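As structure tokens, the structure follows; a few thoughts come after it.
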Amino acid sequence: MNNVTTFLFEDLDIRGRFVRLDTQWHDWINNRHYTPAATQLLGQCVAFLALVGADVKTLGKLTLQLRGTGKVKTLVVQCQIDELDLKLRGMIDAPQLQTEDTLNDAFLGGDLAFTLHNTMTQTDYQSIVAILGDDIEAVLANYLSQSVQQPTRIWLRADGKQVSGLILEKMPNSDLKDSDGWQRVNHLADTLTDAELTQLSIHTLLHRLFHEEIVSIYQPLPLQHHCPDERVRVAEVVKSLGKTECDQMLATQAGRIIIHNEICDRSYVFTEKDIAQFFAQPILH
């Protein structure tokens, strides 16, 4: 599927979004050699960021970073919000993380940093909350509930084949439209099984869970794993170091400067010849 779909309970002022990433996810983690637990945790965070990114109204970039001193050294997911799609990338450094490990084992009381970069205003908005509890879904839902000041529920699933997620958000006028609506929808959503979330289409899923409610489903927003070749940009970064520092790096690194992009798992190698060309003086005629 590789998309995220927004839906609305017309008579309840409750909205939701559904995400599934399959072929793009497989390409993403192929050859990353993550443990099943690391794959699951990264995938859940990817699903969360896609669900949130689909609701952002301005062009920009979302960054979710979970930090701590446990078995997860680094977990970063980025979502570039464009007019026609969402572009995702991210990585996890957790070679020792196992399925039986708790969230505390993973982060040892770390924190969650969430940053929104607005392309139009070139400004950043960041919030940081503690990672408390043993359920990543509860941690992310709690963060979002505090952020939007409205109750939020999240279901996230991920493995080596796909990422799936569902979010429900109570809107400000929900109780005015139906005082029992939020409780009723949550009660129905709590019957959701892993098989339903990971295997059913959005239309079948919503009909099975909420067939007595009026639900409008909007046009899906495409998702893609986006890790383009950035050699030109990286070369500019290397050049900005200056000739002296580049020569020192070449001398200590066997005649090569290697820049590794951990998020995309891609290395850029610059030889002595490359560096010489960076700083060659133009020929005057």
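At-a-glance table
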{"item": "Filter pass, TYR143 being assigned to a strand (DSSP E or B), of a type outside the set (A, V, I, L, M) and modelled with pLDDT under 90", "result": "no"}
{"item": "Sole residue being more than 30 Å from THR204 (Cα to Cα) and either out of contact with any Lys or Arg (no Cβ under 6 Å at 6 or more places or on another chain) or outside any strand (DSSP E or B) (or both), chosen from GLY16, GLY43, GLY70", "result": "GLY70"}
{"item": "Those residues of the range 142-177 which are hydrophobic (A, V, I, L, M, F, W, C) and farther than 23 Å from GLN199 by Cα, in sequence order", "result": "LEU144, VAL148, MET171, LEU176"}
{"item": "Those strands (runs of 3 or more DSSP E) lying entirely in the range 158-237 with at least 1 residues surrounded by 11 or more Cβ atoms within 10 Å (Cβ to Cβ) and of a type in the set (D, E, K, R)", "result": "163-170"}
{"item": "Those residues of the range 154-200 which are charged (D, E, K, R) and either touching a helix residue (DSSP H, G or I) at 6+ places or on another chain (Cβ under 7 Å) or closer than 30 Å to VAL77 by Cα (or both), in sequence order", "result": "ARG157, ASP159, LYS161, GLU169, LYS170, ASP190, ASP194, GLU196"}
{"item": "Check on ARG157, at pLDDT below 95 and not β-branched (Val, Ile, Thr)", "result": "no"}
{"item": "Residue match in the range 43-59 (condition: farther than 30 Å from LEU188 by Cβ and either out of contact with any Ser or Thr (no Cβ under 9 Å at 6 or more places or on another chain) or surrounded by fewer than 23 Cβ atoms within 10 Å (Cβ to Cβ) (or both))", "result": "yes"}
{"item": "Pairs with Cβ under 7 Å, 6+ apart, first in the range 48-71 and in the same structural domain as ILE167 (by TED's automatic domain parsing) and in contact (Cβ under 8 Å) with a residue 12 or more places away in the chain, second of a type in the set (A, V, I, L, M, F, W, C) and surrounded by fewer than 16 Cβ atoms within 10 Å (Cβ to Cβ)", "result": "THR58/MET120; LEU59/MET120; LEU62/VAL56; GLN65/ALA113; ARG67/ALA113; GLY68/LEU108; THR69/LEU108; GLY70/LEU108"}
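The values are calculated or read from the model by the stated rules, or taken from the named source; none is laboratory data. Worth saying up front: this structure is predicted, and the values here are computed from it rather than measured. Note that we place each Cβ from the backbone using ideal geometry, even for glycine, and neighbour counts take in every protein chain shown.
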